[in-house]
Amino acid sequence: MLGLVGVQNLLFTIVAISSLVVFMGFMLKLAKQPYVVSYIVVGIILGPFAMGVVKDTSQVSTLGSLGLIFLLFFVGMEISLPKLIANWRISVVGTLMQIFMSLLLIWLLGTYAGWDNARIVMLGFVLALSSTAVILKLLDEMKETHTKIGQNVIGILLTQDILIVVMLIVMNYLGGASLNRLDLVLQIIGAILIAIILFIILRKKEIHIPFELYIIRDHELQIFVALLFCFGFAMIAELMKLSAALGAFMGGIIVSATRSTKWVQQSLHAFQILFVSVFFVYVGMIIDIRFMWENVGLIMSMVLSVFIVNTLINGVVFLSFNIPWKQSFYGGAVLSQVGEFSFAIGAIGYNLSIIDEFSYQLILSTIALTLFFSPMWINLTKRLLSITPDMLDPTHR
């Protein structure tokens, strides 16, 4: 159990984070910036590289991971599965095109710089992955989740989250780690189970959960049933060596098929806000202010290059599916930041000695700053392209 000192430290941390979130949220709202930015700023201020209120970020990282699970669970409840399946060309083919172009660009750069194949592939994967957490949060705040471009962006994000499993396998292989056949078998079984679940949902249109009428009348029980759906499917996906976030997404789709989304959302909405905000606080905490200051020119040039390159790559992908050019490059800007799963790719590359300490810190700083500046880049692109609400409407042509 926590001692008196431990409880006092915990209470102080909670009060410090909450107070700063309120203050920064108010200040940044006046500047018309989303809450994502305020969470990251709070993390920077309280993290080990600034005030040092939180020195050990491992627990914050764990809580932040729960935020990603909640986020994907809610997306699963809101997504239209028939529309997602019908739009599989953009989701699947578009994502593969985007990853290929990212790898090609890094290969051209790496060939000039003399990098080996493992480093080229690792950096290509890092560049290709966008941030599910940031984009879904921003789309929700901007009321663009259900727009045509929003649905296309979400389709690409979900495909990226599925392909992260393949990327991790490739990374371990390139780094000399042996391939675990049992893990591979479990991943194949997991993929088959997902396909079966999707087929059943599409075939039956609506499914029923046991004791549904009783659960609807009991709000206290609803909270635990909702948590069971969210974390139960996340745990099953982890056991199958797949992404926990992907499992939560499948749980959300199943809840949506039961037509129980209203009471589930009411039960878990507060949890979602709490844990998603903790994830972004964690992103701020891992930003090493001293390292960034010492290498500010290099890091900022990398951040700007990432935004420009990813906007162009993803914009070209959308253009290839006959989406108008303004919407295409706006969608490219939405996907332009480097995602949270790239932290895992970078960590594996560092642990397998594919990159050195300096390169690893450079990658961490670049990822964190693209997450931080992403809302500003998206808003800037929207203004430059003169994007209006009717352009993003699902019925707009």
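When the criteria are applied in full, Ser58 fails the requirement of being in contact with a Ser or Thr (Cβ under 7 Å, 6 or more places away or on another chain) and either among the small types (Gly, Ala, Ser) or surrounded by fewer than 16 Cβ atoms within 10 Å (Cβ to Cβ) (or both).
Residue count for segment 269-301 under the criterion of being farther than 30 Å from Glu78 by Cα and part of a helix (DSSP H, G or I): the result is 13. Within segment 55-76, residues that are farther than 21 Å from Gln265 by Cβ reach partners that are β-branched (Val, Ile, Thr) and not in a helix (DSSP H, G or I) with beta carbons closer than 7 Å, at six or more positions or on different chains, in the pairs Thr57/Ile286; Val60/Val54.
Residues in segment 226-246 that are without any contact (Cβ under 8 Å) to a residue 60 or more places away in the chain and either surrounded by fewer than 19 Cβ atoms within 10 Å (Cβ to Cβ) or of a type in the set (Gly, Ala, Ser) (or both): Ala226, Leu227, Leu228, Gly232, Met235, Ile236, Ala237, Glu238, Leu239. Residues in segment 138-171 that are part of a loop (DSSP other than H, G, I, E, B), touching a residue at least 12 places away in the same chain (Cβ under 8 Å) and of a type in the set (D, E, K, R): Glu144 alone.
In this structure, is Leu96 under 19 Å from Ile308 (Cβ atoms), modelled with pLDDT of 90 or more and out of contact with any His (no Cβ under 7 Å at 6 or more places or on another chain)? Spelling it out, it is not the case that Leu96 is under 19 Å from Ile308 (Cβ atoms), modelled with pLDDT of 90 or more and out of contact with any His (no Cβ under 7 Å at 6 or more places or on another chain). For beta carbons closer than 9 Å, sequence separation of 6+ or different chains, a first residue in segment 309-329 that is over 16 Å from Ile378 (Cα atoms) and in contact (Cβ under 8 Å) with a residue 12 or more places away in the chain and a second that is surrounded by fewer than 21 Cβ atoms within 10 Å (Cβ to Cβ) and charged (D, E, K, R), the qualifying pairs are Phe321/Arg89; Ile323/Lys148; Pro324/Arg397. So is Ile79 crowded, with 17+ Cβ neighbours inside 10 Å and either farther than 27 Å from Leu157 by Cα or modelled with pLDDT under 75 (or both) or not? Considered against the rule, which asks whether it is crowded, with 17+ Cβ neighbours inside 10 Å and either farther than 27 Å from Leu157 by Cα or modelled with pLDDT under 75 (or both), Ile79 comes out as yes.
Residue-by-condition table, conditions (1) at pLDDT 80 or above; (2) loosely packed, with under 13 Cβ neighbours inside 10 Å; (3) basic (Lys, Arg); (4) in a loop (DSSP other than H, G, I, E, B):
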| site | (1), (2), (3), (4) |
| --- | --- |
| Asn9 | no, no, no, no |
| Gln33 | no, no, no, yes |
| Gly43 | yes, no, no, no |
| Leu72 | no, no, no, no |
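In segment 379-397, the residues that are exposed (fewer than 11 other Cβ atoms within 10 Å of the Cβ) form Cβ pairs under 9 Å with partners that are assigned to a loop (DSSP other than H, G, I, E, B) and modelled with pLDDT under 85, at six or more places apart or across chains, as follows: Asp390/His396. For segment 304-397, list the helices (runs of 4 or more DSSP H) that sit wholly inside it and hold at least 3 residues that are within 22 Å of Met142 (Cβ to Cβ), modelled with pLDDT of 90 or more and among the polar types (S, T, N, Q); which are they? The helices (runs of 4 or more DSSP H) meeting that bar are 357-384.
Answer yes or no as to whether Leu319 is surrounded by fewer than 17 Cβ atoms within 10 Å (Cβ to Cβ) and under 14 Å from Asn152 (Cα atoms). So Leu319 fits the description; yes.
The values are calculated or read from the model by the stated rules, or taken from the named source; none is laboratory data. Note that the structure is predicted; figures quoted are calculated from it, not measured. Reconstructed Cβ throughout: ideal geometry from the backbone, glycine too, with neighbour counts over all protein chains shown.
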